[in-house]
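Below you'll find the structure, written out as structure tokens, and then a few comments.
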Amino acid sequence: MSTSTDPTEKIATTGTTPSVSLRGLTKVFGGTTVVDDLSLDLTSGEFFSLLGPSGCGKTTTLRMIAGFSDPTAGTILVDGEDVTSTPPHKRDVNTVFQSYALFEHLDVRGNVGFGLRRKGLDKRTIDQRVSEMLELVELGDRGKERPSRLSGGQRQRVALARALINQPKVLLLDEPLAALDLKLRHQMQAELKQIQREVGITFLFVTHDQDEALSMSDRVAIMNQGVIEQCGTPEDVYEHPTSVFAAGFIGTSNLMTGTWSDGCVCVTPTLRIPAPGHQGSAEGDTLSITVRPEKVWLGDLTPQMFRLPGTIVETSYHGATTQYVVSIGPDLTVTVLEQNLPRMRAEDRWNPGDQVEMGWLPEHTVVLR
Ligand SMILES: Nc1ncnc2c1ncn2[C@@H]1O[C@H](COP(=O)(O)OP(=O)(O)O)[C@@H](O)[C@H]1O
Ligand SMILES: [Mg+2]
């Protein structure tokens with residue numbers, strides 16, 4: 001993200017012009033600010049996700065980039081060109097929606113070739129490009145089918161092919177997998193990522209699903225109430241959340257609040273959690289901290305670890321992992337996630353009532369805004 005406010009300026013990101021630059025993008029609906037002074041640069045060829053809860057302004061942002069909705073304020077640049085007042089069909093941008101919006105009166109080939117026919121390309125070129133696109137999305141043998149005969153996943157691949165055939169600078173995807181069941185969704189996530197790598201087009205992918213965003217993206221922006229709370233690589237935003245919202249929205253977080261004193265966050269008079277890397281707080285400041293459940297160990301602690309006693313209150317088996325809820329004081333619990341390793345047996349698991357010593361490395365205590 002850049003703080004620059006000059007809308008005509010071409011902003012350098014890793015030496016190239018960003019595919020999309022948003023500068024102070026704002027949308028107000030009837031007195032409510034839905035997108036609030038949003039600034040963002042997308043690097044050419046990246047898979048970028050906008051992640052946030054329902055109603056935070058994701059679709060509104062995409063619609064403004066696509067040109068379907070006028071910003072109240074701010075500027076949109078596509079590949080360095082100001083398109084803020086350019087009509088949608090003249091923007092080098094295509095959109096894939098959750099509802100596939102296919103033309104039911106056309107077969108699959110007719111749907112995919114639609115954009116090229118409208119551009120007036122000759123039939124041979126269109127046929128060839130349509131065939132290439134259908135190969136890309138693995139629908140080579142379904143060209144003559146009506147969309148209504150296809151499954152949800154196949155329909156979404158037709159929608160993707162129909163958008164990609166126009167070779168846009170940027171593809172906007174608004175929760176394209178949300179209507180699919182979990183197994184198909186996982187499969188399509190991998191395929192979509194693969195296709196994006198092959199075509200090299202910038203993808204701006206909108207989702208409310210944190211796993212989806214983490215597993216697919218080069219970068220993720222976490223959005224809340226019209227503003228971007230945090231932007232970074234999946235690892236960045238997961239391992240180093242900067243706000244309570246970001247920590248809570250991605251993954252399970254063990255949020256605790258206390259006062260800053262002598263390099264520790266004092267959650268209770270007896271529970272002092274060291275946060276060695278933290279700077280910028282004064283003695284007595286109130287701080288929130290988190291530690292991710294998989295960073296916490298039960299037993300087998302190393303000498304470097306911060307340690308504290310606890311009591312198991314809940315054990316739940318999840319196949320690949322076991323989750324424990326550990327009480328560390330009145331109204332204070334920590335959730336712990338353990339891998340079920342090959343050598344582990346059922347009797348090795350902790351049970352409610354067991355006293356444990358738990359711990360984590362001090363650098364895994366994350367201090368939040
Ligand atoms: N055309 C509109 N008129 C009035 N309010 C709208 C309109 N479109 C969206 N909103 C409101 O803007 C907010 C953000 O909506 P949206 O961008 O669709 O969120 P998201 O896609 O993140 O779920 C919601 O509160 C929604 O009700
Ligand atoms: Mg939406």
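The values are calculated or read from the model by the stated rules, or taken from the named source; none is laboratory data. Computed from a prediction, not measured in an experiment: that's the story for all the values here. Here Cβ is always computed from backbone atoms with ideal geometry, including for glycine, and neighbour counts include all displayed protein chains. Keep in mind that these areas ignore ligands, DNA and RNA; they rest on the heavy atoms of the full protein, side chains included. Shrake-Rupley method; radii C 1.70, N 1.55, O 1.52, S 1.80 Å.
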In the stretch 193-296, which GluC sites (Glu not before Pro) fall in coil by DSSP and have 11 or fewer other Cβ atoms within 10 Å?
Glu283
Of the accessible area of the stretch 256-368, computed with a 1.4 Å probe and all protein chains kept, carbon and sulfur make up a percent value of 51
Note down the nm distance, to one decimal, between modelled labels 7 Å out along Cα→Cβ at His278 and at Ala179.
4.7
At 0.36 nm per residue, and after removing the present C-alpha to C-alpha distance, how many nm does the segment from Glu239 to Lys193 gain when stretched out fully?
14.3 nm
Once each part is reduced to its C-alpha centroid, what is the distance from the stretch 45-76 to the stretch 312-355 in angstrom?
41
For the stretch 17-30, take each phi angle, set θ = phi - 60°, evaluate the Karplus expression 6.51 cos²θ - 1.76 cosθ + 1.60, and give the result in whole Hz per residue in order, putting x for glycine and proline.
6, x, 5, 9, 10, 9, 10, x, 5, 9, 9, 10, 10, x
For the stretch 111-117, Karplus couplings with θ = phi - 60° (6.51, -1.76, 1.60), whole Hz, Gly/Pro x:
5, 5, x, 3, x, 6, 5
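How many percent of the accessible area of the stretch 79-180 is carbon or sulfur, using a 1.4 Å probe? Intermediate values should be presented prior to the final figure.
On the way: 2310 of 5050 Å².
Ligands and nucleic acids excluded, carbon and sulfur give 46 percent.
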So if R0 is 45 Å, what FRET efficiency would Arg349 and Phe97 give, r being the distance between their Cβ atoms, rounded to the nearest 0.05?
0.50
Residue pairs, from the table Lys123/Lys169; Lys27/Lys193; Lys27/Lys119; Lys144/Lys193, whose Cα atoms sit over 28 Å apart
Lys27/Lys193; Lys27/Lys119
Report, largest value first, the span of the C-alpha coordinates of the stretch 256-368 along each principal axis, in whole Å.
47, 26, 23
Interchain or long-range residues, amide H under 5 Å from Glu229's placed H
Ile222, Met223, Asn224
So, over other residues within a Cβ distance under 12 Å of Arg117, counting Lys, Arg +1 and Asp, Glu -1, the net charge is +4
Between Thr259 and Thr32, what length in nm is gained on full extension when 0.36 nm per residue of separation is reduced by their alpha carbon distance?
78.2 nm
How large is the accessible surface per residue of the chain, computed with a 1.4 Å probe and reported in Å² as a whole number?
48
Alpha carbon centroid spacing (whole Å) that separates the stretch 235-284 from the stretch 160-208
36
